[in-house]
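Down below is the structure, laid out as structure tokens.
The values are calculated or read from the model by the stated rules, or taken from the named source; none is laboratory data. Nothing here was measured: the structure is a model prediction, and the numbers come from that model. For neighbour counting, all protein chains shown are included, and Cβ atoms are generated from backbone atoms with ideal geometry for every residue, glycine included. When the accessible area is computed, the model is the full protein with side chains, heavy atoms only, and any ligands, DNA or RNA have been set aside. Shrake-Rupley method; radii C 1.70, N 1.55, O 1.52, S 1.80 Å.
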Amino acid sequence: MSRLSLCWSPTSPYVRKVMILAHETGLAARIELLPKNVWAADTDIGATNPLGKVPALVLGDGTVIFDSPVILDHLDTLHGGPRLIPAEGPARVRVLTLQALADGVLDAAVLTLLESRRPAAERSADWVARQRRAIDRGLDAVEAQVAGFGPGLDAGQITVLSALGYLDFRFTNLDWRSGRPALAAWFGQAAQRPSFLATVPKDPA
């Protein structure tokens with residue numbers, strides 16, 4: 001089997017969800033990690049992904065796939081185990097919708113972080129509040145679904161896991177567990193999985 005190359009950042013939660021799935025499906029050893037600092041002035045990420053983002057997956061024939069939901073969908077066709085994205089029917093819609101919900105939480109969290117890094121005089125409290133409301137509503141919606149989570153991980157649950165890990169990593173003062181006992185308990189167990197422990201984000205030295 002040909003190797004795959006992943007444009008990668010050690011702190012990107014979107015990269016992390018890809019790598020969690022790769023570890024869960026036994027594909028991690030096939031993936032070459034290509035470190036990219038998308039914020040560097042001399043970054044070449046645009047030559048691979050014209051949107052200038054990670055992750056981007058380069059296949060053996062040079063085909064480039066982005067962004068993370070598409071990469072997960074492709075990787076899920078490359079292993080012999082149970083599908084993490086059902087092939088069809090209501091189960092597929094459920095998993096993809098959960099993935100979209102968790103990605104939306106991540107989007108709001110990343111936008112909040114970027115806003116916090118702007119000069120103080122240019123920051124918008126209204127913008128931050130809007131993103132915080134999106135995070136809260138999104139997590140409340142996930143809380144309502146936890147009872148239906150299976151013992152393993154599907155692509156939606158992987159994205160939830162990555163999103164919660166990102167909140168713990170970047171927003172240590174955000175008590176997302178409060179009022180969400182089912183989600184907190186699920187995360188406490190899921191965070192012990194080898195795939196999660198193998199993908200812990202770390203700021204570059």
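Some points to look at:
- Where R177 falls short, out of the listed (1) surrounded by 11 or more Cβ atoms within 10 Å (Cβ to Cβ); (2) in contact (Cβ under 8 Å) with a residue 24 or more places away in the chain; (3) not in a helix (DSSP H, G or I): (2)
- Any pair with Cβ under 9 angstrom, 6 or more apart, that starts in the stretch 1-13 at a residue that is closer than 8 Å to R30 by Cα and touching a residue at least 24 places away in the same chain (Cβ under 8 Å) and ends at one that is in a strand (DSSP E or B) and open to solvent by 20 Å² or more (accessible area, probe 1.4 Å): R3/E32; L4/E32; L4/V58
- Residues in the stretch 74-106 that are among the acidic types (D, E) and surrounded by fewer than 17 Cβ atoms within 10 Å (Cβ to Cβ): E88 only.
- Only listed residue being farther than 19 Å from S195 by Cα and either touching a Pro at 6+ places or on another chain (Cβ under 9 Å) or among the hydroxyl-bearing types (S, T, Y) (or both), chosen from L6, L96: L96
- Residue pairs whose Cβ atoms lie under 7 Å apart, sitting 6 or more positions apart in sequence or on different chains, and linking a residue in the stretch 183-205 that is in contact (Cβ under 8 Å) with a residue 12 or more places away in the chain and assigned to a loop (DSSP other than H, G, I, E, B) to a partner that is open to solvent by less than 60 Å² (accessible area, probe 1.4 Å) and hydroxyl-bearing (S, T, Y), are P201/T11; D203/T11.
- Contacts under 9 angstrom Cβ, first residue in the stretch 27-39 being touching a residue at least 24 places away in the same chain (Cβ under 8 Å) and among the basic types (K, R), partner in a helix (DSSP H, G or I) and open to solvent by less than 50 Å² (accessible area, probe 1.4 Å), 6 or more apart: R30/A22; K36/I45
- If you go through the stretch 34-51 and pick out every residue that is within 18 Å of the chain's Cα centre (by Cα) and surrounded by 15 or more Cβ atoms within 10 Å (Cβ to Cβ), you end up with 4.
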